[in-house]
Amino acid sequence: MPAVVVVGMQFGDESKGAVVDYLAEWADLVVRYNGGSNAGHTVVANGEKYKLHLMPSSVVRGKRGVLGAGVAFDPEVFLEELRDLKSRGRNIDVLVSLKAALLLPYHKELDSAISGGRLGTTKRGIGPAYQDKMARVTGLKVADLFSPRFPQRLKEVLEIKENELRNAGILTGDVEEYYLKLLAKAEEWRNSLSAFIGDDHLEVNEAIAEGKFVVFEGAQGTMLDVDHGTYPFVTSSNPVAGGACTGAGVSPLAIDFVVGVMKAYTTRVGKGPFPTELSGDIADYIRDRGGEYGTTTGRPRRVGWLDLPMLRYSAMINGIGYLAIRKLDVLSGLDRVKVAVAYEIDGEEVRIAPPYVDELEKAKPIYEELEGWKVNDWNEFVKGGWSSLPEEVKNYVSFIEREVEAKAILIGVGPDREMTIPTPHLREIIPL
Ligand code: GDP
Ligand code: IMO
Ligand code: MG
């Protein structure tokens, strides 16, 4: 069985949760490799909706999941999600990497105070936590939490961070008191987390060596990658497929396929360039029908037409051979659907998006119009399968496949697990 990376091709929220949950029917292990609770992955199964922030999307099916070394691990969010999922009858089988960066309460406060407004972050402490990880002298890992030297290490970290925390108005009183409070919290976390921690590298590599079906679940999307996205309007980790290798400790040679998840249109939440952005009636139509409000923050998402230059860029950076195209139902009812096939930048036609803010702000999308589709009830097509779909829907999918040079393994026509329609290409990655 293969090792497959599931990666967001756009600005996040492509429906990675729904796709991972679908593949998890066959998967043995699902591994989150980047980001933290800035992610909001939705799984709708048996009429129940789960909004997962830190847990791998396998937990809805009760399958084994891993939070890899590349994750920014917030114990508070993890334990809250654990309680919530258990109260909903889920059996949680998750391993947390000892190598994951530890995200502490002050990271969230720093995020709110500094980067939240300027970049439109989720205020989940992601930037400040990765900043400390890279700085090393102020970083702590999950392993540190379980080390007898934790009290000393935390003290050293606070010595360096004290000024920063005071300047941001986060630390106002006595530093010793602040330290003791954190230490007490850490003690609580340790007790609740000890059953979950371990060597992610052994677990994941052994699973691959045994020929198990391993799914790497990316958070965020390619255009939000700190190295390859629209910097500085990005997150602080590597959502790209390569991030699965660094974030989970596996060789690039261990990955068999990369599945790019995309919406049938484009959305973005937070600030940053967006060449195909729409406003007005069509934007409202798509936002309302698609429920385009942030899973983590509830903010209305910006919406726009599909952007092929961006998808081609994404396909290249990730090595995408297969596509999962979601939310085709949302566009239903439109007479014509527009797709940006290229940009015009300074009089030149550009087919692969340059990921630079200045260039993207100048980019004028060159659109092609495709025939729309009008479907009120998708159930007959879900039953009838891929071949029964209206020609206009199949044309839209084939158009994307041709332009992006990748094959669709499934499409989504609704949020529920049942509303995924596989194509014949699914068999190429899963021996059904
Ligand atoms: P993720 O972060 O990539 O996992 O995506 P989100 O969960 O943040 O956002 C995707 C949203 O679209 C969620 O509300 C899903 O329930 C919903 N969704 C997923 N696939 C489909 C689909 O094919 N059609 C519709 N209408 N909604 C979908
Ligand atoms: P999933 O995994 C969509 C966006 C934020 C902001 C920028 C930086 O659900 O697809 P951060 O809090 O990471 O420092 O914010 O990135 N962002 C997301 N947008 N989906 C996400 O995750 C996102 N995670 C972060 O809105 O613009
Ligand atoms: Mg999301």
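The values are calculated or read from the model by the stated rules, or taken from the named source; none is laboratory data. Nothing here was measured: the structure is a model prediction, and the numbers come from that model. So basically every Cβ, Gly included, is an ideal-geometry build from the backbone, and we count neighbours across all protein chains shown.
Filtered by the rule that a residue be more than 30 Å from Ile317 (Cβ to Cβ), within 25 Å of the chain's Cα centre (by Cα) and outside any loop (DSSP other than H, G, I, E, B), segment 167-213 gives Leu193, Ile197, Gly198.
Looking for something more than 24 Å from Ile325 (Cβ to Cβ), buried (at least 23 other Cβ atoms within 10 Å of the Cβ) and aromatic (Phe, Trp, Tyr) - is there at least one such residue anywhere in segment 64-77? Among the residues of segment 64-77, at least one is more than 24 Å from Ile325 (Cβ to Cβ), buried (at least 23 other Cβ atoms within 10 Å of the Cβ) and aromatic (Phe, Trp, Tyr), which makes the answer yes. Scanning segment 60-83 for residues that are within 28 Å of Glu109 (Cβ to Cβ), outside any loop (DSSP other than H, G, I, E, B) and either of a type in the set (Gly, Ala, Ser) or touching a strand residue (DSSP E or B) at 6+ places or on another chain (Cβ under 9 Å) (or both) yields Leu67, Val71, Ala72, Phe73, Pro75, Phe78, Glu81, Leu82.
Which numbered condition in (1) among the hydrophobic types (A, V, I, L, M, F, W, C); (2) closer than 18 Å to Val339 by Cα; (3) touching a helix residue (DSSP H, G or I) at 6+ places or on another chain (Cβ under 8 Å) is the only one that Phe399 fails? Failing condition for Phe399: (3). Of the strands (runs of 3 or more DSSP E) lying entirely inside segment 1-56, those containing at least 1 residues that are at negative phi, more than 13 Å from the chain's Cα centre (by Cα) and within 16 Å of ligand 2 (Cβ to nearest atom) are 29-32, 41-45, 48-52. Restricting segment 225-242 to residues that are near ligand 2 (Cβ under 9 Å from one of its atoms) and farther than 17 Å from Lys123 by Cα, which is farthest from the chain's Cα centre (by Cα)? Among those residues, the one meeting the criterion is Gly229. The number of residues in segment 214-238 being in a strand (DSSP E or B) and more than 15 Å from ligand 3 (Cβ to nearest atom) comes to 3. Is it true that Gly211 is of a type outside the set (S, T, N, Q), under 22 Å from Gly249 (Cβ atoms) and not assigned by TED's automatic domain parsing to the domain that holds Val240? Against the criterion (of a type outside the set (S, T, N, Q), under 22 Å from Gly249 (Cβ atoms) and not assigned by TED's automatic domain parsing to the domain that holds Val240), Gly211 does not qualify.
Here's the yes/no breakdown for (1) in a strand (DSSP E or B); (2) touching a Lys or Arg at 6+ places or on another chain (Cβ under 9 Å); (3) under 21 Å from Val59 (Cβ atoms):
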{"site": "Leu253", "(1), (2), (3)": "no, no, no"}
{"site": "Val258", "(1), (2), (3)": "yes, no, no"}
{"site": "Thr267", "(1), (2), (3)": "yes, yes, no"}
{"site": "Gly272", "(1), (2), (3)": "no, no, no"}
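Applying the condition of being surrounded by fewer than 24 Cβ atoms within 10 Å (Cβ to Cβ) and polar (S, T, N, Q) to segment 237-264 and asking which residue is farthest from ligand 1 (Cβ to nearest atom) yields Ser251. Taking segment 244-290 on its own, how many of its residues are small (Gly, Ala, Ser) and without any contact (Cβ under 8 Å) to a residue 12 or more places away in the chain? Within segment 244-290, residues that are small (Gly, Ala, Ser) and without any contact (Cβ under 8 Å) to a residue 12 or more places away in the chain number 3. Within segment 401-432, being more than 18 Å from Val6 (Cα to Cα) and out of contact with any Gly (no Cβ under 7 Å at 6 or more places or on another chain) holds for Arg402, Glu403, Val413, Gly414, Asp416, Glu418, Pro424, Leu432. All conditions but one from (1) in the same structural domain as Gly412 (by TED's automatic domain parsing); (2) touching a residue at least 60 places away in the same chain (Cβ under 8 Å) apply to Leu79; the one that does not is (1). If you go through segment 39-51 one residue at a time, how many are closer than 28 Å to Val226 by Cα and more than 9 Å from ligand 3 (Cβ to nearest atom)? Selection size over segment 39-51: 2. If you check Ile421, Ile430 for being at pLDDT below 95, surrounded by 17 or more Cβ atoms within 10 Å (Cβ to Cβ) and of a type outside the set (Gly, Ala, Ser), only one passes: Ile430. When segment 117-138 is filtered for residues that are more than 16 Å from ligand 3 (Cβ to nearest atom), surrounded by fewer than 20 Cβ atoms within 10 Å (Cβ to Cβ) and under 24 Å from Phe233 (Cβ atoms), the ones remaining, listed by number, are Gly117, Arg118, Leu119, Gln131, Met134, Ala135. If the condition is being modelled with pLDDT of 95 or more and assigned to a loop (DSSP other than H, G, I, E, B), then segment 91-122 contributes Ile92, Asp93, Leu98, Lys99, Ala100, Leu103, Leu104.
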